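Novice: Would you mind keeping the following structure in view while I ask a few things?
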Amino acid sequence: MNYLITDFGAEGDGKALNTAAIQKAIDCCAADGGGMVIIPAGKFLSGTICLKSNVELHLESGAELISSLDPADMPDLMGGFEDDNRDTGWEGGCFLLARHAENVTISGAGRIDGRGREVFYEDDADGGSHESPLKVRGYRPRMSFLEDVRNLTVRGVTFYDAAFWTLHMAGCRNVLIDGIRIENNERGPNNDGIDPDSCQNVIIRGCIITCADDAIVVKTTAPMTKKYGPCENILISNCILRSHSSALKIGTETWGDIHHVTMSDCVLDRCTRGIGIWSRDGGRIHDIMIHHITGSTRRYRDRVKQDSEVVVWWGKGEAVFLSATQRAGVERIPGVIESIYMDDLHITCEGAIMLAGETDSPIRDVSIRDSSFTWKRQGSLPPDCLDEQPSKRGVYPYAVPTVYIRCGERISVRDKVRYEIDDSMKEFIRHTLVFE
């Protein structure tokens, strides 16, 4: 059965708050055994919408579902968690919420608007380059938080201008993310694209993503891995990714294991990092396969440091970045990165290929083969440092090589791998392989 939200009193004028009407349509649909709740063409403003089992939320062409930015319209996510770890990223409420449900679908040709433009603002703190992270003001909820959903499908829709994380799936199983678009501000802090967190059996395919923070990031945050275990069996393919952070990333939150992840056939469009694997909180990252990746990575300018809350980009144009090291001010051992296999990577980059572990957290059994990397100036900053944020090491001056390896065991980056240094970089890159 179909449930049209306007039949429940929703008004598509972009001004009326439609939370109650949309929620009533969803509740009735669920009570009747399931069906489709339809958002027709129009602009529908709403607070938090709670999705239910066996309900498909369908946005027709021309439909816009617009998030409220009033805290009174959003329940606080922190109220439901026992989370005393400030570095896991929880903040505020969310727009689309589902918890402990099954057979949930979000679909259609319409758009979901997070109104990030009303949260981010320019203060010209990067010398006029307009590349640095924007400043943030006011309340900014997640665009979605989908916890413990079995059989989740998100297909076709456009997520637009998220103020915080866009599609956050925590402890979900049997997930299909198919052909969605994420169109976020390229300089908006924390506006991640897709975050599978302690999820199992996930397919992400055919997506086009633009954002400032990580485009697709697989992770295990502390509260979610405690409840739902590892993140495993993840397939990511055929995506076009543009990000001022990492395009394809595993970590930084690694409280639980992450394994059996395949990333393939993706295009990277001027990302700060291409492929990134971070271990910071324990957990074992292993059996990762990465194939057929092409595109470019470059360095962007940071904010001029004028206050204690300066936000800077993580990354300096690295095509590949594997890092296992301690967070600043934290004594826990990061964890282990091992059994990582990459082939057919063809990337134009500015930073070093980095594989940097520690004696108690080595990086081992890594293979990069049948690939080519070209170092070419794309931005205005020279390669003059290594960046291991967030960590005790931070950012530090370094004569950047093509490949940098620290505390690595059984690392192979020579099997049919071609390195080319463009004339624009020859005065800066004087070394190829550096081992520490």
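Novice: Among the residues of region 180-193, write down those that are closer than 28 Å to D123 by Cα, at pLDDT 95 or above and of a type outside the set (D, E). Write out each step before concluding.
Specialist: Start the filter on region 180-193 by keeping residues that are closer than 28 Å to D123 by Cα, which leaves 182-193.
Still in the running and at pLDDT 95 or above: 182-188, 191-193.
Matches in region 180-193: I182, N184, N185, R187, G188, N191, G193.
Novice: Please find, among S237, S246, the residue that is of a type in the set (S, T, Y) and touching a Phe, Trp or Tyr at 6+ places or on another chain (Cβ under 9 Å). Steps first, please.
Specialist: Details: S237 fails: touching a Phe, Trp or Tyr at 6+ places or on another chain (Cβ under 9 Å).
Just a single option satisfies the conditions, and that option is S246.
Novice: Identify, please: which residue in region 299-313 is surrounded by fewer than 22 Cβ atoms within 10 Å (Cβ to Cβ) and of a type outside the set (A, V, I, L, M) and is, among those, nearest to A125 (Cα to Cα)?
Specialist: Here is the first cut: in region 299-313, the residues surrounded by fewer than 22 Cβ atoms within 10 Å (Cβ to Cβ) are 301-312.
Then keep just the ones that are of a type outside the set (A, V, I, L, M); that gives 301-303, 305-309.
On the way: R301: 10, D302: 8, R303: 5, K305: 8, Q306: 8, D307: 11, S308: 14, E309: 13 Å.
Here the residue is R303.
Novice: Please state which one of S361, S367 is of a type in the set (S, T, N, Q) and under 30 Å from V330 (Cβ atoms).
Specialist: Values: S367 fails: under 30 Å from V330 (Cβ atoms).
Matching residue, one of S361, S367: S361.
Novice: Evaluate the following for R303: is it under 19 Å from I216 (Cα atoms) and not hydrophobic (A, V, I, L, M, F, W, C)?
Specialist: Values: under 19 Å from I216 (Cα atoms): no; not hydrophobic (A, V, I, L, M, F, W, C): yes.
Criteria not met by R303.
Novice: Quick one: which residue in E60, E56 is under 19 Å from E102 (Cα atoms) and in contact (Cβ under 8 Å) with a residue 12 or more places away in the chain?
Specialist: Numbers: E60 fails: under 19 Å from E102 (Cα atoms).
It is E56.
Novice: Report, ordered by the first and then the second residue, all pairs with beta carbons closer than 6 Å, sequence separation of six or more or different chains, a first member in region 197-224 that is at pLDDT 95 or above, and a second member that is part of a loop (DSSP other than H, G, I, E, B) and aliphatic (A, V, I, L, M).
Specialist: Matching pairs, first to second residue: C207/I180; I209/A215.
Novice: If the requirement is being crowded, with 18+ Cβ neighbours inside 10 Å, more than 26 Å from R327 (Cα to Cα) and free of Cβ contacts under 8 Å to residues at least 60 places away in the same chain, which of these qualifies: D423, D343? Quick ask: steps written out before the conclusion?
Specialist: Details: D423 fails: crowded, with 18+ Cβ neighbours inside 10 Å.
The conditions single out D343.
Novice: Test L59 against the criterion of being within 30 Å of R280 (Cα to Cα), aliphatic (A, V, I, L, M) and at pLDDT 95 or above, and give yes or no.
Specialist: Criteria not met by L59.
Novice: So, N151, is that one in contact with a helix residue (DSSP H, G or I) (Cβ under 6 Å, 6 or more places away or on another chain) and surrounded by fewer than 24 Cβ atoms within 10 Å (Cβ to Cβ) or not?
Specialist: Details: in contact with a helix residue (DSSP H, G or I) (Cβ under 6 Å, 6 or more places away or on another chain): no; surrounded by fewer than 24 Cβ atoms within 10 Å (Cβ to Cβ): yes.
Considered against the rule, which asks whether it is in contact with a helix residue (DSSP H, G or I) (Cβ under 6 Å, 6 or more places away or on another chain) and surrounded by fewer than 24 Cβ atoms within 10 Å (Cβ to Cβ), N151 comes out as no.
Novice: Can you name the condition, by its number, that K316 falls short on among (1) assigned to a loop (DSSP other than H, G, I, E, B); (2) in contact (Cβ under 8 Å) with a residue 24 or more places away in the chain; (3) farther than 16 Å from A247 by Cα?
Specialist: (3)
Novice: Looking only at region 319-337, filter to residues that are of a type in the set (V, I, T) and in a strand (DSSP E or B); which one of those is surrounded by the most Cβ atoms within 10 Å (Cβ to Cβ)?
Specialist: Taking the candidates together, the pick is I337.
Novice: Okay, next question. Please work out if R364 is on the phi > 0 side of the Ramachandran plot, assigned to a strand (DSSP E or B) and at pLDDT 95 or above. Can you show your working first?
Specialist: Numbers: on the phi > 0 side of the Ramachandran plot: no; assigned to a strand (DSSP E or B): yes; at pLDDT 95 or above: yes.
Considered against the rule, which asks whether it is on the phi > 0 side of the Ramachandran plot, assigned to a strand (DSSP E or B) and at pLDDT 95 or above, R364 comes out as no.
Novice: Right, next: Which of the residues spanning region 247-280 are in a loop (DSSP other than H, G, I, E, B), of a type outside the set (G, A, S) and either under 13 Å from V218 (Cβ atoms) or in contact with an Asp or Glu (Cβ under 6 Å, 6 or more places away or on another chain) (or both)?
Specialist: Once the filter is applied, which keeps residues that are in a loop (DSSP other than H, G, I, E, B), of a type outside the set (G, A, S) and either under 13 Å from V218 (Cβ atoms) or in contact with an Asp or Glu (Cβ under 6 Å, 6 or more places away or on another chain) (or both), region 247-280 yields W255, D257.
Novice: Still on this structure: Any idea which of (1) surrounded by 21 or more Cβ atoms within 10 Å (Cβ to Cβ); (2) under 18 Å from I340 (Cβ atoms); (3) over 17 Å from the mean Cα position of the chain (by Cα); (4) free of Cβ contacts under 8 Å to residues at least 60 places away in the same chain is the one H286 doesn't satisfy?
Specialist: (1)
Novice: Here's a follow-up. State all residues of region 180-208 that are crowded, with 24+ Cβ neighbours inside 10 Å and part of a strand (DSSP E or B); if no residue qualifies, say none.
Specialist: I182, I194, D195, P196, D197, I204
Novice: Could you tell me whether region 162-178 includes any residue that is touching an Asp or Glu at 6+ places or on another chain (Cβ under 7 Å), surrounded by fewer than 19 Cβ atoms within 10 Å (Cβ to Cβ) and among the basic types (K, R)?
Specialist: Within region 162-178, not a single residue is touching an Asp or Glu at 6+ places or on another chain (Cβ under 7 Å), surrounded by fewer than 19 Cβ atoms within 10 Å (Cβ to Cβ) and among the basic types (K, R).
The values are calculated or read from the model by the stated rules, or taken from the named source; none is laboratory data. Everything quoted here is computed from the prediction, not taken from an experiment. Cβ: placed from backbone, ideal geometry, glycine included. Neighbour counts: every protein chain shown.
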